[in-house]
Each structure stands twice: as structure tokens, then as C-alpha cells.
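Below: the structure, in C-alpha cells.
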Amino acid sequence: MAAETHTAATATTTNTSPLLSRNPLPLSSAQEGQVREIYHARVRGFCAEEIRQFAECARGRTVTATWACRQERGNMNKCMVFHATQENYDIAREEWFRDRLEKRRMKEQEKAKAAVELAKSAP
């Protein structure tokens, strides 16, 4: 356990990620919603085949889908529960932070290009 704990100073030298921990900052409600969207899309991606089978069975049915597609629904739910883990949530959160950092870098590059263009056009 002691080997797993380390300070922020050692994290910057040993960790290749620019983020010091798996969940570095508290997020706003809207930001957490964006993380949840990534998380749910990730879980649905893992279970795409089971979801497709259930949807195929339920197509054209209404109330009877509950009984007729019981096995497909069970398989879909088992898959989603299996993949709905804290680890996958943390991965989705890291992906959100990675995307945010990338957008920030792109915006900074655009500003730098605009500043260069402005400098070139100035007499």
C-alpha cells in the first residue's frame, strides 16, 4: 500500500499523463453530465451486439416484448451491468479531460497563428 502512495512531485516524474490523479478536479454539474455521456456511450459500445439483438427482437412488438424478448433483455442488462464499472467511469473522465486539454491547445494555436498573421500584416 505504501508503494502505491506518492506525492505530486514524484507523480510528475513517474507519470506520463499530464494529469496527476485519475480524478484531479471537481467538475460542475454540466461537466459531469458530459462525462456521463462519454461513459454511457462507452458502455453501450461494449454491449452493441446485445443491444442490437434486443432491439431486433423487440421490433414490431409493444407490451409483448417484455415476455418475448426476456432472454435478449437479460443478456443486454448483464452486459451493461458488467461494463458499468468505476474503472470505465474513470476512463471516461480522463477522456473528457484529454479532450478539454486538446481543445485548449488548439485554441492557443489558433490565437498564436492569428497573432503571427496580424504581425505580418502590420507595417
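Values computed for the structure shown
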quantity	calculated
Test item: Cα-centred dipole of region 27-121, Lys/Arg +1 and Asp/Glu -1 on Cβ, debye	220 debye
Relative contact order of region 27-121, pairs being alpha-carbon contacts under 8 Å that are 6 or more residues apart, as %	37 percent
In region 48-109, trypsin sites (Lys or Arg not before Pro) in a DSSP loop with at most 12 other beta-carbon atoms within 10 Å	Arg59, Arg61
For region 27-121, convex hull volume per residue from C-alpha positions, Å³	155 Å³
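Since every read-out is calculated from the coordinates, none of them should be taken as a lab result. Please read these numbers as outputs of a predicted model, since none were measured by experiment. Glycine gets a Cβ as well: all are built from the backbone with ideal geometry, and neighbour counts include every protein chain shown.
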